[in-house]
1. Helix 271-285: angle to the longest alpha-carbon principal axis of the chain, degrees 0 to 90, nearest 10?
2. Above 17 Å lies some portion of the pair distances; for region 186-286, what is it as a whole percent of all C-alpha pairs?
3. Obtain the radius of gyration and the Kirkwood radius of the chain from its C-alpha atoms and give Rg over Rh.
4. With springs only between Cα atoms under 10 Å, which of SER256, SER74, SER97 fluctuates most in a Gaussian network model of the chain?
5. Would you mind checking the pairs LYS56/LYS207; LYS57/LYS271; LYS29/LYS53; LYS92/LYS125; LYS125/LYS167 and listing those with alpha carbons more than 21 angstrom apart?
6. What is the angle, in °, between the Cα long axis of helix 48-67 and the longest principal axis of the Cα atoms in the chain? Nearest 10 is fine, range 0 to 90.
7. State the percent of C-alpha pairs, over all pairs in region 23-100, separated by a distance greater than 22 angstrom.
8. Quick check: pseudo-label points 7 Å beyond the Cα along Cα→Cβ at GLN70 and ASP273, how many nm apart are they?
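The values are calculated or read from the model by the stated rules, or taken from the named source; none is laboratory data. What you are looking at is a predicted structure, and each value in this text was computed from that prediction instead of being measured. Ideal geometry is used to build each Cβ from the backbone, glycine not excepted, and the neighbour counts take in all protein chains shown. Heads up: the accessible areas ignore ligands, DNA and RNA and are worked out on the full protein's heavy atoms, side chains in. Shrake-Rupley method; radii C 1.70, N 1.55, O 1.52, S 1.80 Å.
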Amino acid sequence: MMSTEDEAAADMMCCASCGIAENDDVKLKKCACNLVRYCSVTCQRDHRSQHKKACKKRVAELRDELLFTQPESSHLGDCPICFLPLSIDLRKSALMSCCSKTVCCGCEMASILHQKVNSGNPETKCPFCRKPPPCDLNGEVELNTMKRIEANDPAATRQKGMKCYNKGEYESAFTYLTKAAELGDYEAHYHLSRMYRDGRGVEQDSKKEKYHLEEAAIGGHPSARYTLGLYEARQFRFDRATKHWIISANLGCDESMDMIREFYSKGAVSKEDFAAALRAHQAAVE
């Protein structure tokens, strides 16, 4: 007698609708839930009414597995020079206008001191690409940014989007931030969520707001994760809220750590989870 796993494996070898087996001429494509496969769009459409409930449940489970996985580092990643994790405190790093790389202040200062001691030249160069920074007085910064955007640099594209946003040019900001998000910039996802929340440059849309918050959180954005925790708490889903805050606190988010303390005092967070989050938070901020 076949086990449940064997039956599931056998089902994946055949179209869930018509039952045809995969062969050299027939290639089956997986459904979004990864539970069944189909030989054609027609079969998938015909089988939709039978499979819809199980499909939606499994897709939600897969999304949660991805959403509640602890990222290895924040959305900022590592310094490209010393390869140490960049602090979420933006005062401790700098975005290079020449190459759009974010470098920690330690490497930036070390590069400045090295150049002064060895060359005696007061003109500093980028610690990453070793080029002189563009001059903002004659428009070199803007020109260089546009070149980086044409090269599909996500950081430069997001930077341009935020400049437009701060000027009140919300439609242009939305265009640049959307492109940056498509290129994999998680900070851009976070700002898009705010635009959908406030209705700036786009119509207000709570579903799209949450989607971009989740994408940013998956990429390690602590503020996005903190905001998702607040959203879940307002829906009285406190178990999901505390999961978000624990993940965010592990990345060094002070606000999330404060919420964990509050929920711990109310008995909503276990002593073990509180202690683990506190240790991880302290390690992240040091």
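1. 40 degrees
2. The share of Cα pairs beyond 17 Å in region 186-286 comes to 51 percent.
3. 1.08
4. Looking only at SER256, SER74, SER97, the largest GNM fluctuation is found for SER97.
5. Checking Cα-Cα distances, LYS57/LYS271; LYS125/LYS167 exceed 21 Å.
6. 30 degrees
7. That tail contains 55 percent of the Cα-Cα pairs.
8. Each label point lies 7 Å from its Cα, and together they span 1.3 nm.
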